[in-house]
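First comes the structure, then the notes that go with it.
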Amino acid sequence: MEKKNKKTLNTPECPPIPLTRKELKDLFNYHIPCLCCGEEMLHPDIYMQMLDMKELGGNAANAVKFLEPYEGIMHSVEKQVFNMFKTMSKKYPNKNFQELLIMKKDIHELALVKIQSSIFNKVSFYRRILPKKMARQLRKLMIKTNDIIFDPEPHKPFSRRIFINKLKNILKQLENKKLKNEIIEIARRLPRSSDEVCAFVVKNARKKPEVIALNLIHPSVGTFEHLTPRCMKGLNNSLNFGLECSYCNNSRHHYPIPIQIEENPYMPQNAQIQADKLISLYKKGIGKKEYIENLREVLYWLSDRTIDLDISKLYIS
Ligand SMILES: [Zn+2]
């Protein structure tokens, strides 16, 4: 459905494109912090080169050595898992990352189930309040979900995303929007592999060792975020690109920026930190003023004026 808009023409209302894709990508060479979470991003080409590194699938001692230079850009959970690998690889240097995670899986799975079941309990409570039909559907969903999480070897692993989608479907017709959001908000607290070490271990223990290694890095990879999503006819060029880490880009989906701010309350401050960095690079002859000015304008309107970047330094020589 997005292919139709592939070619973007410069219409009279549209200012010239400030930076080419290549010029924008080159900015990732300069330790740019993510627009949303503020974490430093990795140049996507470096990540592409890592895809071919056979060492990452080999024994943990070697894989750790290869990943060590990137420890600084790893996000918090990934860094904790990497440190676990560092310690374990001293004791079991010949095991690979998957074998090490499997050794840790049971204990982390118990911890994860504990967190999940307390959230499911809170969700189940709403059976008392919801209209009868919805309460019945919710009961069914919770029975199925409990079957998965309490079974040590379920047919299909639990998926947070599928669960939330099913829950949203059940609540679709609920007129009380406040109640609906309240329930979904509780479900959103279900841990993701990016929020809890236990969820990372359980999810990744099923994966190949080289994939586990890449998953330690992947959230930090720099991407072009379509500030107006493509499905809403957002442009496919630097007039509409924000520099965001892969984690923030993927977690936004196509939600509007005010929702992204709700999930990431520090986004306005982080966007300012990024803008300051872009301004200081511009003063060294890297990047273009027009990109920063456009970014300011686009973020201001798309965030309902919540992100109000101060770019006055751009004009002080
Ligand atoms: Zn981010």
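When the range 62-78 is examined, which residues are found to be crowded, with 16+ Cβ neighbours inside 10 Å and part of a helix (DSSP H, G or I)? The answer is ASN62, ALA63, VAL64, LEU67, TYR70, ILE73, VAL77, GLU78. When every residue of the range 38-57 is checked against the conditions, at least one turns out to be within 16 Å of the ligand (Cβ to nearest atom), under 28 Å from GLU196 (Cβ atoms) and part of a helix (DSSP H, G or I). Check whether at least one residue in the range 216-231 is more than 16 Å from the ligand (Cβ to nearest atom), under 30 Å from MET103 (Cβ atoms) and not in a helix (DSSP H, G or I), and report yes or no. No, the conditions are met nowhere in the range 216-231.
For the range 29-38, a residue qualifies if it is in contact with a His (Cβ under 9 Å, 6 or more places away or on another chain) and surrounded by fewer than 19 Cβ atoms within 10 Å (Cβ to Cβ), and exactly one does: ASN29. Counting residues in the range 225-246 that are in contact with a helix residue (DSSP H, G or I) (Cβ under 8 Å, 6 or more places away or on another chain), surrounded by 14 or more Cβ atoms within 10 Å (Cβ to Cβ), closer than 30 Å to GLY58 by Cα and not assigned by TED's automatic domain parsing to the domain that holds PHE158 gives one or more. Residues in the range 1-37 that are modelled with pLDDT of 90 or more, touching a Lys or Arg at 6+ places or on another chain (Cβ under 8 Å) and away from the ligand (no atom under 16 Å from the Cβ): LEU19, GLU23, TYR30.
Residue pairs whose Cβ atoms lie under 7 Å apart, sitting 6 or more positions apart in sequence or on different chains, and linking a residue in the range 65-94 that is closer than 25 Å to CYS37 by Cβ to a partner that is among the polar types (S, T, N, Q) and surrounded by 16 or more Cβ atoms within 10 Å (Cβ to Cβ), are ILE73/SER220; MET74/SER220; HIS75/SER194; HIS75/SER220; VAL77/SER194.
Here is a yes/no grid of residues against (1) assigned to a helix (DSSP H, G or I); (2) within 15 Å of the ligand (Cβ to nearest atom); (3) of a type in the set (A, V, I, L, M, F, W, C):
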{"position": "CYS248", "(1), (2), (3)": "yes, yes, yes"}
{"position": "ILE261", "(1), (2), (3)": "yes, yes, yes"}
{"position": "ASN270", "(1), (2), (3)": "yes, yes, no"}
{"position": "LEU309", "(1), (2), (3)": "no, no, yes"}
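The values are calculated or read from the model by the stated rules, or taken from the named source; none is laboratory data. Nothing here was measured: the structure is a model prediction, and the numbers come from that model. For neighbour counting, all protein chains shown are included, and Cβ atoms are generated from backbone atoms with ideal geometry for every residue, glycine included.
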